[in-house]
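J.: If you scroll down you'll find the structure; I have some questions about it.
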Amino acid sequence: MCRFLLVISLVVSFVTAVAAGKRSSSPDGAFIENPMLWADVPDPDILRVGDTYYMVSTTMHLMPGAPIMRSKDLKNWETVNYIFDRLTDSPRYDLQQGTVYGRGQWATSLQYHKGKFYALFSANEQGAMGDTYIYTTEDIEGKWTLLNRMRHFHDASLFFDDDDRVYVIYATGQMVELKADLSDVKEGTECRLFKRGPQEQGLLEGSRMVKHHGRYYLLMIAWPKGGHRLEVCYRADHIRGPYERRIILDSEFGGFGTVGQGTIVDSEYGDWYAIIFQDRNGVGRVPMVMPCRWIDGWPMLGDELGRVPQKMRPLVSNQPEKGIVCSDDFAGEHLGLHWQWNHNPVDGAWSLTERAGWLRLKTARKVGNLFEAPNTLTQRMEGPACSAAVKMDVSHLKDGDCAGFAAFNDHSGVLTVKKTGKQLVLEMSEQTVSLTEKEKAIESVETKVVESIPLTALRSSSTPYLYLRIDGDFTVGRDIATFYYSTDGEQWQRIGSDFKMRFDWQRFFMGTKYALFCYATKRTGGWADFDDFNYQRPKP
């Protein structure tokens, strides 16, 4: 009997060791360092299918929208798809008759039910533009189909119960049941699950409903009166309540304030994790990963002290290094998924084939400034520091054309090659846009030219290439972009001054982006070519 128990013990030890090996035995350098992604990835929702995690985020006015990111280890993420290519409810999505800066797709809820994926989001708009969209697919990395639209639900969570009934939980604890085919709301099902406590004010945003061991858990962000952001959970034995409340995360981190809004997800091995974002000023809103520990039936987030950990082991070892911001030589047939357009692109005004190995941006229509220019192409910037350089051919610009490279936001630092008559000038400027509240129409653009250099002073006119570079520093209290130019891509000269990057939730409501642009102020027909987008992120 003792020998039998010894054999069983050895077998169990072996199986446990194998499982642990499949998980993480990473050396110290392979830890996940928080933030999980030091980039603008707000309003995350995440699910697991087998050994793979999929995460969706808010990208608002950028197209394509609702990016799907994939990871095996919660450390290395790559963009593998978008839920939609463009939104078409209004010419404002095309930067005409207004804009949709800070509007568009918000807070997508991602679900997997009986072999199909579902995504639900609402645009932060009034009327039909603010309808809720429901998309579906059998292949999360393939084509998504618009299943239906219905009335607006703010920061909503789509939820499939074990009995296949479908709910939408939104705003501050409000809920409706949907028809089985998700075509509309079932009449008479709208209800409020709980009353907001006296310690809370405003909306409890970012609803995420999870069912665990037969109980319902609704995670949300709360703003107590006179206090700071918290992650709270409302728990019930039945979906309609009664609900009880507990604070599940109250933690500052890294000198950037408190962390709140996100969701929880399990692993293959029964562990639970939380992905919760934090505001980090100029770079945007960045996600953290942390343990989720079930204590007395509550999903308590953070380490044993309830704090966001500085680092933690990835779920599995030896995964290839991936990133959501990438270099690009523009040699492919299709634009990389790491790029997004500012508003809907004008498809006939850009090309990867007219000059092989180059991105060509052609002037699409006459505009007055960068903020209304179509076909501005963006990628995120990343902390704690990042650098990106691009090679440009500006020999085909026409009089009045502007092309260049920007740290792009409602308050932008911009490197612009301007053509006036036959003269080309390189400018470093600070540009700030003012928008109307309702239509987000551009009221004015304040431009401060910090430094201007004629291109004839930089290079021979027989050499059509110019190199531009922007470095970003997002360490605590910094948010500084610096600007450089080069004639050979090796020797760099500073231009202009330090630029303070900012985050303004009333205008763009997103972190600063790298942006390539070319637009006409007098007549169309010109273009600029871009090559060798070289992105680097120094190791911390």
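The values are calculated or read from the model by the stated rules, or taken from the named source; none is laboratory data. All values derive from a computational prediction rather than experimental measurement. Note that each Cβ is placed from the backbone with ideal geometry, even for glycine, and that neighbours are counted across all protein chains shown. Ligands, DNA and RNA are stripped out before the accessible areas are found, and what is left, the full protein with its side chains, is counted by its heavy atoms. Shrake-Rupley method; radii C 1.70, N 1.55, O 1.52, S 1.80 Å.
J.: I'd like the full set of residues that are modelled with pLDDT of 95 or more and either among the hydroxyl-bearing types (Ser, Thr, Tyr) or surrounded by fewer than 21 Cβ atoms within 10 Å (Cβ to Cβ) (or both), limited to region 373-396.
T.: Thr376, Thr378, Pro384, Ala385, Ser387, Lys391, Asp393, His396 - these are the residues of region 373-396 that are modelled with pLDDT of 95 or more and either among the hydroxyl-bearing types (Ser, Thr, Tyr) or surrounded by fewer than 21 Cβ atoms within 10 Å (Cβ to Cβ) (or both).
J.: Tell me, please, whether a residue that is under 22 Å from the mean Cα position of the chain (by Cα) and farther than 30 Å from Thr263 by Cβ can be found in region 294-313.
T.: no
Yes or no, residue by residue, for (1) more than 26 Å from His212 (Cβ to Cβ); (2) open to solvent by 30 Å² or more (accessible area, probe 1.4 Å); (3) of a type outside the set (A, V, I, L, M):
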site: Gly98; (1), (2), (3): yes, no, yes
site: Gly102; (1), (2), (3): yes, no, yes
site: Phe121; (1), (2), (3): no, no, yes
site: Asn124; (1), (2), (3): yes, yes, yes
site: Ala128; (1), (2), (3): yes, yes, no
site: Asp131; (1), (2), (3): yes, yes, yes
site: Ile134; (1), (2), (3): no, no, no
site: Leu146; (1), (2), (3): yes, yes, no
site: Tyr167; (1), (2), (3): no, no, yes
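J.: Taking the options Gly260, Gly206, name whichever one is touching a strand residue (DSSP E or B) at 6+ places or on another chain (Cβ under 8 Å), closer than 21 Å to Phe509 by Cα and either open to solvent by 20 Å² or more (accessible area, probe 1.4 Å) or in a strand (DSSP E or B) (or both).
T.: The unique qualifying residue is Gly206.
J.: Report the residue count in region 27-60 for those that are within 21 Å of Gln105 (Cα to Cα), among the hydroxyl-bearing types (Ser, Thr, Tyr) and open to solvent by less than 10 Å² (accessible area, probe 1.4 Å).
T.: So the count comes out to 3.
J.: Looking at this structure, is Ala236 touching a residue at least 12 places away in the same chain (Cβ under 8 Å), open to solvent by less than 50 Å² (accessible area, probe 1.4 Å), within 22 Å of Met288 (Cα to Cα) and hydrophobic (A, V, I, L, M, F, W, C)?
T.: The answer is no for Ala236.
J.: Leu424 fails exactly one of the following numbered conditions: (1) of a type outside the set (Lys, Arg); (2) open to solvent by 30 Å² or more (accessible area, probe 1.4 Å); (3) touching a residue at least 60 places away in the same chain (Cβ under 8 Å). What is the number of that condition?
T.: (3)
J.: Can you tell me which residue in region 181-222 is nearest to Phe159 (Cα to Cα), limited to those that are of a type in the set (S, T, N, Q) and touching an Asp or Glu at 6+ places or on another chain (Cβ under 9 Å)?
T.: Ser207
J.: Shifting gears a bit: Could we say that Ala331 is aliphatic (A, V, I, L, M) and within 30 Å of Glu33 (Cβ to Cβ) here?
T.: No, not satisfied.
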